[in-house]
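Undergrad: Below are the structure tokens for one structure; questions will follow.
None of the figures in this text is laboratory data; all of them are computed from the coordinates on show. Computed from a predicted structure; not experimentally measured. So basically every Cβ, Gly included, is an ideal-geometry build from the backbone, and we count neighbours across all protein chains shown.
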Amino acid sequence: MSFDKRIEELGLELPPCPKPAGVYKPILIVGDMCYVSGQGPLRSDGTLIVGTVGDNLDQQGGYDAARQTGLTMLSTLKTYLGSLDRIERVVKLLGMVNCTADFGAQPAVINGCSELFAQVFGEDHGVGTRSAVGMNALPGGIAVEIEAIFQLKK
């Protein structure tokens, strides 16, 4: 099945593709590998999900922010690649959670993105390796930032 069609089938709304907020490339392709710079939880209305998990945002709010970050990443991929169908598989996610020092469920938060990618790309192609870590701050106070590596079809 087409990944682009899967987005429609799941009824997912992709936010607008964010513009770079610094001196970097949103996507860099080297061979058949696609490196995606850190993405944040951008909503369709252009606002960001901000907050600190364990303080003014609960674990479910963090999970929702990670899922929204995944949607942002899909929008970026679709914009730069032209189609999600160019993707072979998810290789690696690095999820960073803006959280309090005593919050220890970062993997459960980043599952918001991981589970989304499994839905879109399937278990065999949508689940890769992953790290989920806590941070004491993220740019603009965003709740989650995620970067990724994808393998492209040859």
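Undergrad: Taking 22 Å as R0, compute the FRET efficiency from the Cβ-Cβ separation of V23 and S131 and round it to 0.05.
TA: The pair V23/S131 has a calculated efficiency of 0.35.
Undergrad: Let me have the 222 nm mean residue ellipticity of the chain computed from DSSP H runs of 4+ only, each contributing -39500 (n - 2.57), with the sum over all residues rounded to the nearest 500.
TA: Rounded to the nearest 500, the figure is -10000 deg cm²/dmol.
Undergrad: Right, something else. When Cα extents along the principal axes in Å is calculated directly from the model, which label among (1) 46, 39, 29; (2) 52, 29, 22; (3) 44, 33, 28 fits?
TA: (3)
Undergrad: Quick check: pseudo-label points 7 Å beyond the Cα along Cα→Cβ at K92 and E115, how many nm apart are they?
TA: 2.6 nm
Undergrad: Then there's this: Kindly state, to the nearest 0.05, the FRET efficiency for M1 paired with D58, given R0 = 35 Å and r defined as their beta-carbon distance.
TA: Efficiency computed from Cβ-Cβ geometry: 0.50.
Undergrad: Let me check against my output: what whole-number percent is the relative contact order of the stretch 1-124, with C-alpha pairs under 8 Å and at least 6 apart?
TA: 31 percent
Undergrad: Once phi is turned into θ = phi - 60°, what whole-Hz ³J(HN,Hα) does the Karplus curve with 6.51, -1.76 and 1.60 give for every residue of the stretch 57-65, x standing for Gly and Pro?
TA: Along the stretch 57-65, the couplings run 9, 8, 4, 5, x, x, 4, 4, 5 Hz.
Undergrad: Further, regarding this structure: Go through I149, T100, V127 and say which Cα lies farthest out towards the positive end of the charge dipole of the stretch 31-154; charges sit on Cβ, +1 for Lys and Arg, -1 for Asp and Glu.
TA: I149
Undergrad: Report the paramagnetic label zone for L81: residues of the stretch 26-56 whose backbone N is under 17 Å from a point 7 Å from Cα along the Cα-to-Cβ axis.
TA: 26-39
Undergrad: Which order results if C99, C113, C34 are arranged by neighbouring Cβ count within 10 Å, fewest first?
TA: In increasing order of surrounding Cβ atoms, one gets C34, C99, C113.
Undergrad: Let me spell out the model: positive unit charges on the Cβ of Lys and Arg, negative unit charges on the Cβ of Asp and Glu, origin at the Cα centre of the stretch 9-97. What dipole size does that give, in debye rounded to 20?
TA: Dipole magnitude for the stretch 9-97 comes out near 340 debye.
Undergrad: Net charge around L94, counting only other residues with Cβ within less than 10 Å of its Cβ (Lys, Arg = +1; Asp, Glu = -1)?
TA: 0
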